[in-house]
Amino acid sequence: MVVLAGRGRGGAHAGCYQRFICFRGYHIAVGESGLTDSIGYSQKVMEHFMNPRNVGVIENPDGYGKVGNPVCGDLMEIFIRVRDDVIEDIRFRTFGCGSAIATSSMVTELARGKTLEEALQITRDDVATELDGLPPLKLHCSNLAADALHAAIRDYQEKRGSRQ
């Protein structure tokens, strides 16, 4: 839903008309041609951003991972529940941009139902590829999602004394 229009104030966007989408209380600036065209987000990224999967917290998780990027301010938390070395449940909380939300959502979809060994094989590139790519300036977000997953698995392994 577009809620506001106005002229950009300065810098690279001076003179550009901006539109804003209201999403969960945040106003997100989009360009004249819309969010996917102006920023380079795929439809899959937008789907995971607007309708993220597996959002939330697992109370007393078997594994917990938290990573952040001090430059952009993104922060991701991953919570896992493990049964017989398989990720039975996975949830996330993310504070960050649309890419950070989308990559968090996608990494949970990729990891659910996988063995710990299989989930540790999920790479940063896997996350971006499954989202049909990310703009180059947003690739760091997929790095955080995979890193948060790996941190949660390492936490689980350390708690069990089976770190590999």
- Query: What list of whole percents do you get for P(r) of region 49-160, with Cα-Cα distances grouped in 10 Å bins up to the one holding the largest distance?
  - Reply: 17, 53, 27, 3
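Which whole-number percent is the relative contact order of region 85-153 (Cα, under 8 Å, 6+ apart)?
Values: 76 pairs, mean separation 25.1, N = 69.
It comes to 36 percent, rounded to a whole number.
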- Task: State the extension gain, in nm to one decimal, for the chain segment bounded by residue 44 and residue 71, taking 0.36 nm per residue of separation less the distance between their alpha-carbons.
- Result: 7.2 nm
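Taken together, the values in this text are just the output of simple stated rules run on the coordinates, not laboratory data. All of these numbers come straight from a predicted model, not from anything done at the bench.
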